[in-house]
Structures are given as structure tokens and as C-alpha cells.
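Student: Have a look at the structure that comes next, please.
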Amino acid sequence: MAPQLNAIHNRDCFAGLRKLDEGSVHLAFADPPFNIGYDYDVYRDSLESQKYLQWSRQWTAEVVRALKPDGTFWLAIGDEYAAELKVMLQQEHELTCRSWVIWYYTFGVNCKYKFSRSHAHLFHMVKDPDKFTFNIDAIRVPSARQLVYGDRRANPTGRLPDDTWILRPQDLPEGFQPDGDTWYFPRVCGTFKERTGWHGCQMPEQLLGRIIRACSNEGDLVLDPFAGSGTTLAVAKKLKRRFLGFELSAEYAQQARKRLARISPGDPLDGAPEPLVSAPDTANGRRLKDLKPAAGRKRRNRDADPQQQCLPNLFPDGP
Ligand SMILES: C[S@@+](CC[C@H](N)C(=O)[O-])C[C@H]1O[C@@H](n2cnc3c(N)ncnc32)[C@H](O)[C@@H]1O
């Protein structure tokens, strides 16, 4: 029997996907484990490489089978297997890649001996290159402790550049045009209101919003084989799509169900719809000199701080 719709099912997606009727899904979005040793609660994210590829081959084949002839498949994947999976989707499953989107995010994990990762790959694949949903009008749109917020917690030596080299998205709006394939959305980090707090890979609702608005219509069926915190399904529900998700972890599935129960069709998406204008640019940012010294703590003399010398002169007009 086909799984119940508008629900998240606590089961292995491969088994669940096989129960789906052929050609029943309008849009699938998958953010699978990247096989990088991430610590999920039940899934062990460290398969031998060939095993991971074979597993990926199997579940992606089921997604493709379940897609409608004019259906769309978005795959989020890390650098480690991006090349192999893109070739697999195109050459073995005969999908056509419409866009290779780079999701550039801030608040990634800081690395010491390599550039900090600040992107994931998003492959936009369609079954039929001549017939697919792409709602252009639905998706049109027009860090920074140190540079903008005058935050005392900022490391005075700054940070290593991300591996997408750019100063700050707010300072380079022409670098992130709506029709470009480098997108900027902050990662849902620990302090964000949007953060559910119990799943480390929660994706931003606004990112899913763009994909679901562009590639499906109200009433369409949106599938997520790796539901995690339930972001895809939550956004699909808010945008009045039907939805279906699988999640291996009983705990995650239960929490995601609670998240879904709290929202209604038509609710606004979490997060800033236009991240480029949601925070001040560098010129208009807050400076340490604008702040009153914190009670009980002595303000450090910037000139006397040897580490501070490493920073280029970011503020030619002061402080
Ligand atoms: C990267 S996370 C997805 C995060 C999600 N995009 C979100 O915004 O919360 C991958 C999820 O896949 C789940 N998972 C791993 N193997 C699975 C399988 N065979 N079937 C279903 N879910 C699986 C993991 O438990 C994890 O929650």
C-alpha cells in the first residue's frame, strides 16, 4: 500500500520509496547523509565509498521512478560525492541537469588548516528537459560580528576566508543576483530563532521556499526521502503543497511531526526572505566605539593587542 500523504514516516527511505506509485511525485528534494562521518542519532555516516555509491544508486533510482514524467529532483550534496552523484544522475538515471547551484552559507564550521567550507552543491535535475515546472515569477528577489555588529565576542584577528571567496554578501549585492547560481542564505546556526535545536543539519526554510515555489505548484506532491528536522515538509505545508517524508530516526521523525503540527498552510516561512538586505552593510555596521563598555569588564586597548595587528585596515575612517 502506498504510504499516507501529508505525513512523515519513520522508516528507511529505500523501503518507503519502493511503495510509491510510479510517476506520482512532482518534486523531490533530498539532502542525504554526505558520508562524512556526521553524527546522526541512528544512521552511521561512514560507509565504505563503493557501498555509499551503490546505496545512492539504489535510492536515487527509486526517486526517479516515483517522479512524474515532468517531475523535478533536487539533490543537496557535499564536495566528497558531488561529482560521482551528478554523473550517476545524468548518465545512469538519464536526468537532465538544469542548474548546478552553489549554496553559499555563513556560520559554517571554522577550519584551522584549510579554507572553511561555506557551500553545498544543489543539483537541479529534471526528467524531461522540454517539460518541467519552473515558476520564475514566484522566486524573484532584489558576518560579521567584527564588521557590522561591533560585537565584543569577535575574534580580533578575524577569521580565515571561506572557500567561496567574498568579503561579505551584503557588500557585494551584484555578486548574488536572483538569476545567478550562487545563492546566499545563512546556515541555521545555534542562536537563530528558526533553529529547532535537535537536528544539526537543519536547512533554512527560505532555501527550500525558493526551490518549492519554483518547481511545484499548490496542491503538488513534494517528497523528501531524508526528512531530518522536517524543513522540506514544513515549507511544503506552508506553501500549500501535499508532502511526504521518510526519516530513519524515530526521535527525529517524532520531533519533525511536532514541528509540522505547529504550522498551518499559508504561514510565513522562517528567516529573512532577502538575506542581502536583512543585515546592514559594512559601511552602516555598528562599531565597538559605539558601544558602552560592558559592566565589570575592561575594554581592551585595540592598539595594544598584538593579535589585532593581523587585521588589515578595515576602517580607514576610524575607530
Ligand atoms: C542531512 S539530514 C537531513 C536534514 C534536513 N534536510 C533538514 O533540513 O532537517 C539527513 C537525514 O537522513 C536520515 N537518514 C539517514 N539514512 C536514512 C534512510 N535510509 N532513510 C531515511 N532517512 C535516513 C538521517 O537520520 C538524517 O536525519
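Derivation of every value follows stated rules applied to the coordinates shown; laboratory data play no part. On a predicted model such as this, the values are computed, not experimentally measured, just so you know. So basically every Cβ, Gly included, is an ideal-geometry build from the backbone, and we count neighbours across all protein chains shown.
Student: Taking amide H positions as placed 1.01 Å from N in the peptide plane, with prolines and chain starts having none, which residues 5 or more places from Val25, or on another chain, fall under 5 Å of its amide H?
Tutor: Leu67, Lys68
Student: Let me ask another. Around His9, which amide H atoms from residues at least 5 apart in sequence, or from another chain, sit under 5 Å from its own amide H, with H modelled in the peptide plane?
Tutor: Placed amide hydrogens put Gly245, Phe246, Glu247 under 5 Å from His9.
Student: State, to one decimal in nm, how far the label point of Ala7 lies from the label point of Glu92, with both points 7 Å from Cα in the Cβ direction.
Tutor: Each label point is offset 7 Å from its Cα along the Cβ direction, giving 3.1 nm.
Student: Hey, how much of the P(r) for the stretch 26-97 falls beyond 19 Å, as a percent of Cα pairs?
Tutor: Of all Cα-Cα pairs in the stretch 26-97, 32 percent lie more than 19 Å apart.
Student: Using 1/(1 + (r/R0)^6) with R0 = 22 angstrom and r between the beta carbons of Leu47 and Ala83, what's the FRET efficiency to the nearest 0.05? Please list the in-between numbers first.
Tutor: On the way: r = 17 Å, r/R0 = 0.79.
The calculated FRET efficiency here is 0.80.
Student: Under 5 Å between amide H atoms, partner at least 5 residues away or on a different chain: which partners does Ser116 have, H built in plane at 1.01 Å?
Tutor: Under 5 Å from the amide H of Ser116: Cys111, Asp163.
Student: Arranged by the count of other C-beta atoms within 10 angstrom, fewest first, what order do Val63, Val42, Val101 take?
Tutor: Details: Val63 24, Val42 10, Val101 21.
Lowest to highest Cβ neighbour count: Val42, Val101, Val63.
Student: Residue-wise, which Karplus ³J(HN,Hα) couplings in Hz belong to the stretch 91-99, taking 6.51 cos²θ - 1.76 cosθ + 1.60, θ = phi - 60°, and x for glycine or proline?
Tutor: 8, 8, 9, 6, 8, 10, 7, 7, 8
Student: How do Asp31, Asp290, Asp45 line up, fewest other C-beta atoms within 10 Å first?
Tutor: Asp290, Asp45, Asp31
Student: Would you work out the relative contact order for the stretch 1-108, in percent, from Cα pairs under 8 angstrom that are 6 or more residues apart?
Tutor: 31 percent
Student: While we're looking at this one, here's another question. With r as the distance between the Cβ atoms of Asp137 and Tyr38 and R0 = 41 Å, compute the FRET efficiency 1/(1 + (r/R0)^6) and round to 0.05.
Tutor: Details: r = 37 Å, r/R0 = 0.90.
Once the sixth-power term is evaluated, E becomes 0.65.
Student: I'd like to compare 52-59, 72-79, 216-223: which one has the highest average count of other Cβ atoms within 10 Å, and what's the full order after that?
Tutor: In decreasing order of mean packing, 52-59, 72-79, 216-223 become 72-79, 216-223, 52-59.
Student: Additional query: Set the Förster distance to 30 Å, then compute FRET efficiency between Lys114 and Lys258 from the Cβ-Cβ distance, nearest 0.05.
Tutor: That gives a FRET efficiency of 0.20.
Student: Continuing with the same structure: Can you work out ³J(HN,Hα) from phi for every residue in the stretch 65-77, in order, using Karplus 6.51 cos²θ - 1.76 cosθ + 1.60 and θ = phi - 60°, giving whole Hz and x for Gly and Pro?
Tutor: 4, 6, 6, 5, x, 9, x, 10, 10, 9, 10, 9, 8
Student: Based on C-alpha coordinates, I'd like the Rg and Dmax of the stretch 1-139, in Å.
Tutor: So, for the stretch 1-139, Rg and Dmax equal 16.1, 51 Å respectively.
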